[in-house]
Amino acid sequence: MSRIGRMPVAIPAGVTVTIAEGNVVTVKGPKGELNRALPKEMDIKLEDGHVVVSRPNDLKKMKSLHGLTRTLIHNMVIGVSEGYTKTLEINGVGYRAQKAGKKLTLTLGYSHPVEMEDPDGIETKVDGNKIIVSGISKEKVGQYAAEIREKRKPEPYKGKGIKYADEVIRRKVGKTGKK
């Protein structure tokens with residue numbers, strides 16, 4: 001049995017979970033509403049304040065879908081109750097970010113400023129050299145943070161660029177002069 005898949009997902013107070021036809025799960029909470037069509041093969045049930053996922057048989061595909069389905073439901077429940085955030089740091093002389101409305105403007109040493117529009121359900125805040133991406137969908141928050149980072153990845157010599165706050169950049173030694 002999948003160790004993650006068999007764990008029940010606890011539903012906190014103020015969160016409602018509904019399971020519609022075809023395994024379409026809708027989770028409503030204080031921060032918003034998320035819905036997702038999950039694999040039809042999985043059996044999803046509501047049992048006294050918990051969501052329980054079970055699989056029909058022990059085929060390899062069913063084992064992988066079992067843990068995935070449970071984790072997706074768990075991420076939706078946490079998203080609508082607490083939300084998700086990712087923090088990015090900008091390092092480098094002259095590199096900076098500004099926020100105007102829903103538009104994030106990045107100055108990253110290119111000949112032009114890079115402008116990015118916040119997607120629906122995602123909010124960004126600029127705090128000095130930090131960009132905080134927050135929202136209720138773990139998938140969308142992670143994707144948008146990755147898109148921002150992609151504009152100027154950190155380089156290994158001076159560490160300039162956009163990196164995640166918890167990311168460690170492996171540094172390389174620069175050139176050495178002639179003897």
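The values are calculated or read from the model by the stated rules, or taken from the named source; none is laboratory data. Just so it is clear, the structure is predicted and the values come from calculations on it, not from any experiment. Note that each Cβ is placed from the backbone with ideal geometry, even for glycine, and that neighbours are counted across all protein chains shown. Remember, those area values only see protein heavy atoms, side chains included, never the ligands or the DNA or RNA. Shrake-Rupley method; radii C 1.70, N 1.55, O 1.52, S 1.80 Å.
Tabulated data for the structure shown
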item	result
Cross-chain or 6+ apart pairs with Cβ under 6 Å, the stretch 151-165 first and without any contact (Cβ under 8 Å) to a residue 40 or more places away in the chain, then of a type outside the set (Asp, Glu) and not in a loop (DSSP other than H, G, I, E, B)	LYS153/GLY161; GLU155/GLY161
Residue match in the stretch 38-56 (condition: within 18 Å of SER137 (Cβ to Cβ), open to solvent by less than 40 Å² (accessible area, probe 1.4 Å), touching a residue at least 60 places away in the same chain (Cβ under 8 Å) and not in a strand (DSSP E or B))	no
Tally of residues being in a loop (DSSP other than H, G, I, E, B) and more than 14 Å from GLU82 (Cβ to Cβ) across the stretch 2-22	9
Candidate set from the stretch 139-161 (those that are farther than 26 Å from ASN75 by Cα and not basic (Lys, Arg)); member that is surrounded by the fewest Cβ atoms within 10 Å (Cβ to Cβ)	TYR157
Sole residue being surrounded by 12 or more Cβ atoms within 10 Å (Cβ to Cβ), within 22 Å of ALA146 (Cβ to Cβ) and charged (D, E, K, R), chosen from LYS63, LYS28, LYS103	LYS103
Unmet criterion (only one of (1) in contact with a strand residue (DSSP E or B) (Cβ under 7 Å, 6 or more places away or on another chain); (2) open to solvent by less than 60 Å² (accessible area, probe 1.4 Å); (3) at pLDDT 90 or above) for GLY5	(3)
